[in-house]
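Nothing in this text is a laboratory measurement; each read-out follows from the coordinates by a stated rule. The structure presented is a predicted model; accordingly, all values stated were derived computationally and were not measured. Heads up, the Cβs are rebuilt from the backbone with ideal geometry, glycines too, and the neighbour counts pull from every protein chain shown.
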Amino acid sequence: MPLTLTNTLTRRQQPFIPNTPGQVTMYCCGVTVYDDCHLGHARSYLGWDVLRRYLRWRGYAVRYVQNFTDIDDKILNRARAEGTTMAMVSERYIQRYFEDMRRLNVLDADDYPWVTEHIGAIHELIGQLETKGYAYAAGGDVYYRVGQFADYGQLSGRSQSTLQAGASGRDLAATAKADPADFALWKGAKPDEPAWESPWGPGRPGWHIECSAMIRARLGATIDIHGGGGDLVFPHHENEIAQSQAASDKPLANYWLHNGMVTVNGEKMSKSLGNFTTIRDLLDGGWAEYPQPVDPMAVRLFVLQGHYRKPLDFTQAAIAASINGWQTLKAGLLFGDRHGAKLGWPAVAIQSSPQEPSQANPWVERFQTAMDDDLNTPGALAVLFELAKGLQREGNCLVHAGQTQASPDVLWPQWQTLVHLAQALGLEVTPEVDGDARAMGLDDGAMAADRSLTIAELIQQRQVARQQRDFATADDIRDRLAAMGIVVVDQPDGKVRWHRQQINDSEPNYCP
RNA sequence: GGCGACAUAGCCAAGUGGUAAGGCAGAGGUCUGCAAAACCUCCACCCCCGGUUCGAAUCCGGGUGUCGCCUCCA
């Protein structure tokens, strides 16, 4: 069974066949760097990250390019407001983009072209369009003649006759366009604006031309996959196609993929509506509806529990559910680290990257079937949850009863498969999280010894209280121990077992 | 007005003609002084109306509703 993807261009789900066998070229529209990224951006780039990881997992060599739009009115406005330059503003937010995305475990692209690096390539492309009759200069600007491109509207399903000019009240009189549907390739400089020299006079590129130029410069005339938010289908991607294909007479991209919007209370999350939550606010506890730091992996899980093409509703309840769900997956992923030694697994094997599971592995088969179906991550996650649930249960058995139900030989491939498949989705336990877990325990040797004495004494006292049936005191001591991160388990045989919460090397301890 | 999506339990969500995965939350029970863990049990007339079929959440037609785009937008 091949991987199939829903292609906006054909409006169908079709088998994915790259231009060059085994290799994939992929371009996704990046951010305009004038502010911090919000959850809508996270959803989009998380989605492309998973696509890219899955293509790799499927054995493809992927070349992934994502641009930064660093020339734009909004950047300019911000620069003016701050009394600085466009370059200063965009460089700051490019930096912050990387910080946010890396926390979400989004892999870096292979290449990040900037518009300011491609002014020459843009001139060249506009020049070709002009020569071929698709572009005309007017009033210092250069426009694309939409009527000249017969296939205009192929992506968005619009025909030129149905395009309603000025549908939203644009001021059409203020432009030198020959036709309202035409769009700017080059915008003549206004006073006090940054401008670049060009054959048509000083100015700056129109919005759409950058992607056409950068794709051609970095990946060639035809790429395999072009991705972006669903809100970019029209006019941005439609115009990219018009520009690129008019110039090259070749398809710009064979597969057009679009992700659904993030909504809040059923309404699109966007800058203009002001209903956005930034990634760093959410991760750092700055979201009013859930004012605690949210594990980045819980956010990733939240995003992957929906299908990438469908709208994703951002609510407090949904985030809370994902936080809980991540606890389960994490328990499964950490199973080997927490319990492997007790099960006799060699430390070297635990620490090395997971082995590729065998072909006949039914979990892998189900995972692949789901992912091959237009990246059905919710279905794929069901497989991970089944594995993680089982391992979590076994881990609890081990901690509370001293032994697992299944044999370690059976658990080993389950754990390896879980880690392997989770990695393909970018769900990984980060060292940072490990650090948190350790900090909750009692790590320092001297302190631990000292406190262990106290713990032993407390448990001793509690046992005495229990024997005297003074349960109020017994429960009080349980609470005190819990506050120290100590979980006390009374066993059926009368023994008391205790362990530290969330610590990797917690050997069970006994008190008589 | 035009174009395009989507509609499955309290919430998220799978399902692609053979009798409703999974997650989160919830209820009851066994065990326990309490707790923990484990185990067992319960929780969907698949938006509506027609049609095709032995059989439809799944296919077709018609409604209804929600969302996105047509203006910067992931």
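Using θ = phi - 60° and the Karplus relation 6.51 cos²θ - 1.76 cosθ + 1.60, list the HN-Hα couplings for the stretch A:104-112 in order, rounded to whole Hz, with x at every Gly or Pro.
Going residue by residue, I get 7, 6, 7, 5, 5, 5, 6, 7, 10 Hz, with x marking Gly and Pro.
Can you count the Lys pairs in chain A with C-alpha separation below 22 Å, eight or more apart or on different chains?
Number of lysine pairs found: 15.
Describe numerically, in nm with one decimal, the distance between label points set 7 Å from Cα along Cα→Cβ at A:GLN351 and at A:GLN13.
Result: 4.4 nm between the two label points.
When the Cα centres of the stretch A:258-337 and the stretch A:350-386 are compared, how far apart do they sit, in Å?
Each part reduced to its Cα centre gives a spacing of 22 Å.
Averaging over all projection directions, find the projected area of the Cα convex hull of chain A and quote it in nm² with one decimal place.
Orientation-averaged projected area of the Cα hull: 28.9 nm².
Output the 0 to 90 degree angle, nearest 10, between the alpha-carbon long axis of helix A:86-103 and the longest principal axis computed from the alpha carbons of chain A.
30 degrees
Once amide H atoms are placed 1.01 Å from N in the peptide plane, what residues at a sequence separation of 5 or more from A:VAL24, or on another chain, have their amide H within under 5 Å of its amide H?
Here A:ALA61, A:VAL62, A:ARG63 satisfy the definition.
Quick check on the stretch A:197-353: of the DSSP beta bridges with both residues there, what percent are antiparallel, nearest 5%?
20 percent
Tell me the angle of helix A:119-131 to the major Cα principal axis of chain A, expressed in degrees between 0 and 90 and rounded to the nearest ten.
On a 0 to 90 degree scale, this one is about 40.
If packing is taken as the average number of other Cβ atoms within 10 Å across a peptide's residues, how do A:190-203, A:84-97, A:377-390 rank, most packed first?
Order by mean packing, descending: A:377-390, A:84-97, A:190-203.
Under the rule of -39500 (n - 2.57) per DSSP H run of 4 or more residues, summed and divided by the residues of chain A, what mean residue ellipticity at 222 nm is obtained, to the nearest 500 deg cm²/dmol?
-14000 deg cm²/dmol
Can you tell me the alpha carbon radius of gyration of the stretch A:340-422 divided by the globular rule-of-thumb value 2.2 N^0.38 Å?
My calculation over the Cα atoms of the stretch A:340-422 gives 1.17.
Against the longest alpha carbon principal axis of chain A, how many degrees, from 0 to 90 and to the nearest 10, is the axis of helix A:408-424 turned?
20 degrees
Counting only DSSP beta bridges with both residues in chain A, what percent are antiparallel, rounded to the nearest 5?
Working: 27 of 48 bridges.
Rounded to the nearest five, the antiparallel share is 55 percent.
Calculate, in nm to one decimal, what A:ASP192 and A:LYS132 gain on full extension: separation in residues at 0.36 nm each, minus their alpha carbon distance.
So the chain would gain 18.3 nm between A:ASP192 and A:LYS132.
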